[in-house]
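*Asks:* Structure incoming, see below.
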Amino acid sequence: MRKIINISIFAIAGLAVLLVVLFGFGFNQDTKDKFSNTTEVKANNPQMLTDLANATVETLPDFVVKYEENIAAQNTELKKDKLQCNIFYTFIYHLEEVVNQETLENFKSKFPEYSQSMFASATDKNYFINGFNKVKNYSDFQSYYTNLKTDYNVIRQNYLVKASAVKAEMTLLKQIDDINAAVSVTKKQYDLSELQKNVKTYKTEVTQFNITMNLFYLLFFATFAAMIIFLLWNVIINIKSNFGLLAGVGLLVLLLILGYLFSTSELSPSAIKEQLDSNNVKWIGAGLFTFYCIFFGTIAAIVLSIILNAIKKVK
């Protein structure tokens, strides 16, 4: 069992080094941005990459016109989505003034007039109006407000994902438009060929990266499972001599619980963009809390050990 664990750990370390070499070393910021843009375009509009791969100098003008129209249509939809997000956010912002039953009654008295102007451009007025009208007391309001924020985060998340995808397409189209604007046909051919080659390389690297990361995760969790099994087996057969180890595991579990309890569930814009929910955010916070406690606790223990040893030597 010990040999298996050692082999797996060395395999993970070797794979991690390989990942760094393949996908980190030699990637400057410009390369990373282009890699990221190609990844997003491949995920959201793969036809654009297929058309680019088949494009020639003669067909570039048609390519530019086609995707200018396509992106313009997407931007029109994005503006509508952004308007709905703004309406949603403004409503949530105004609801923050409701802090007790009295302020709730005051808001409800103004709501019929307020809702006419607030939701004039909303695509689903009934969602807001009927939902709020079902609130009877402050306890109902608290549940309603929490659910409303959750729904807003989902809508905001979808908007950010779409906006990021359109931005990536616009960046790629800008490169193609610059090539098309060149006067020299020879330069057009060269630049188009280079772009097609780079995009093909990035597409291949995306696939390789996904396969490698999946293998890495598989190996990592297999090794982690083997370590847990080995640990439990070692504890069971040596129960009397492993109280310190059990105490350490108990402390780790306690830190995770405390970290989860103290961590915020508020979704930041970056968390929303990464499609994380409140529970994901809390667990990330718990993991960071546990890591910092162990890290600084270890440093404190080392410093304390050095001080105690120095005192002993002086005595």
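The values are calculated or read from the model by the stated rules, or taken from the named source; none is laboratory data. Remember, predicted model here, so these are calculated numbers, not experimental data. Virtual Cβ from ideal backbone geometry, glycine too; neighbours counted across all protein chains shown.
*Asks:* Give the stretch 147-173 a look and list any residue that's polar (S, T, N, Q), at pLDDT below 90 and out of contact with any helix residue (DSSP H, G or I) (no Cβ under 7 Å at 6 or more places or on another chain), or say none. Talk me through it step by step, then tell me what you get.
*Replies:* At the first step, the residues of the stretch 147-173 found to be polar (S, T, N, Q) are 147, 150, 153, 157-158, 164, 171.
Restricting the remaining residues to those that are at pLDDT below 90 gives 150, 153, 157-158, 164.
Hits for the stretch 147-173 are 150, 158.
*Asks:* A further question on this structure: Could you grab me the full set of residues in the stretch 36-65 that are crowded, with 17+ Cβ neighbours inside 10 Å, at pLDDT below 90 and either aliphatic (A, V, I, L, M) or closer than 22 Å to residue 189 by Cα (or both)?
*Replies:* Within the stretch 36-65, 38, 41 meet the criteria.
*Asks:* Condition (residue is in contact (Cβ under 8 Å) with a residue 24 or more places away in the chain and under 27 Å from residue 79 (Cβ atoms)) applied to the stretch 136-149: is it met by at least one residue?
*Replies:* Yes, some residue in the stretch 136-149 is in contact (Cβ under 8 Å) with a residue 24 or more places away in the chain and under 27 Å from residue 79 (Cβ atoms).
*Asks:* Closer than 30 Å to residue 45 by Cα, in the same structural domain as residue 141 (by TED's automatic domain parsing), of a type in the set (Ser, Thr, Tyr) and out of contact with any helix residue (DSSP H, G or I) (no Cβ under 6 Å at 6 or more places or on another chain): which single residue out of 114, 89, 93, 67 fits that description?
*Replies:* Working: 114 fails: closer than 30 Å to residue 45 by Cα; 93 fails: closer than 30 Å to residue 45 by Cα; 67 fails: out of contact with any helix residue (DSSP H, G or I) (no Cβ under 6 Å at 6 or more places or on another chain).
On inspection, the qualifying residue turns out to be 89.
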